[in-house]
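A short worksheet on the structure shown next.
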Amino acid sequence: MSARSLIRAARPLRTLPIALSRTAVGPCPVALARVAPGPLALTHRTFTSTPPARSKDATWQSRGIVKYSELKPETESPSGDITIIDVREPNEVAQGIIPSAVNVPLSQFQTAFSGSGGDFERQFAFRRPEYDDKVVFYCRSGKRSQQALEFAQKNGWWNVRNYEGSWLDWVQQEEARGQASKIKEDDD
């Protein structure tokens, strides 16, 4: 390689602007290309791994505690927009679980919802919610789910709510609903 080739190779590269597209981790990097020197001044964009900032829409979260009447439609026809997390222990979950809910026991919650979450998806068989995803926590009566909510909030999850009546309320409401359906059938 000649000295002239080495000098050319050592010159800084200029970049060509290309359209940016959105991926799961943020904007695509800009491709680098050698441009012949001249009067054209092209802009330079540095590489970034930071995703674009999203505005926080706190409308859903500001509604406070979740009621049965709000949760029931989501369980009958899940939209995929809300993750319902049962924080009871496995022996309690064996008694039953709210349809479309997933389980992250409170005893494993701190590890699962801090830092990287370890191998969350392999351990719990679903994708860990993003920090701005809508999440509803529940347990047996609402106390442990409130602890889970507070821990999640301290660790960056802001769009979270508690189903305060939790499993006990769910069972009571479902039984009442079943009785109402049975009475209606008897009238027909």
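Just checking, how many residues over the stretch 155-168 are in a helix (DSSP H, G or I) and surrounded by fewer than 22 Cβ atoms within 10 Å (Cβ to Cβ)? Can you show your working first?
Step one: list which residues in the stretch 155-168 are in a helix (DSSP H, G or I), which gives 166-168.
Okay, now just the ones that are also surrounded by fewer than 22 Cβ atoms within 10 Å (Cβ to Cβ), so 168.
Number of matching residues: 1.
Would you mind telling me which numbered condition in (1) closer than 27 Å to Gly178 by Cα; (2) touching a strand residue (DSSP E or B) at 6+ places or on another chain (Cβ under 8 Å); (3) of a type in the set (Gly, Ala, Ser) Ser69 fails?
Checking Ser69 against (1) closer than 27 Å to Gly178 by Cα; (2) touching a strand residue (DSSP E or B) at 6+ places or on another chain (Cβ under 8 Å); (3) of a type in the set (Gly, Ala, Ser), the one that fails is (2).
Looking for whichever is in the same structural domain as Gln147 (by TED's automatic domain parsing) and either acidic (Asp, Glu) or under 15 Å from the mean Cα position of the chain (by Cα) (or both) here; the options are Ser116, Ser100, Ser107. Which one fits? Quick ask: steps written out before the conclusion?
Details: Ser100 fails: either acidic (Asp, Glu) or under 15 Å from the mean Cα position of the chain (by Cα) (or both); Ser107 fails: either acidic (Asp, Glu) or under 15 Å from the mean Cα position of the chain (by Cα) (or both).
Testing whether each residue is in the same structural domain as Gln147 (by TED's automatic domain parsing) and either acidic (Asp, Glu) or under 15 Å from the mean Cα position of the chain (by Cα) (or both) leaves just Ser116.
Report, by residue number, each residue of the stretch 75-96 that is surrounded by 15 or more Cβ atoms within 10 Å (Cβ to Cβ) and over 19 Å from Pro129 (Cα atoms).
Passing the criteria: Glu89, Glu92, Val93.
For the stretch 71-97, how many residues are farther than 17 Å from Ser145 by Cα and over 18 Å from the mean Cα position of the chain (by Cα)? Break it down stepwise before answering.
So in the stretch 71-97, the residues farther than 17 Å from Ser145 by Cα come out as 72-81, 94-95.
Now restrict to residues that are over 18 Å from the mean Cα position of the chain (by Cα): 72-73, 76-77, 94-95.
Selection size over the stretch 71-97: 6.
Pick out the one residue from Ala112, Ala152 that is surrounded by 18 or more Cβ atoms within 10 Å (Cβ to Cβ), farther than 22 Å from Trp60 by Cβ and not basic (Lys, Arg). Break it down stepwise before answering.
Details: Ala152 fails: farther than 22 Å from Trp60 by Cβ.
On inspection, the qualifying residue turns out to be Ala112.
The values are calculated or read from the model by the stated rules, or taken from the named source; none is laboratory data. What you are looking at is a predicted structure, and each value in this text was computed from that prediction instead of being measured. A quick note on method: Cβ atoms are made from the backbone with ideal geometry, for glycine too, and the neighbour counts reach across all protein chains shown.
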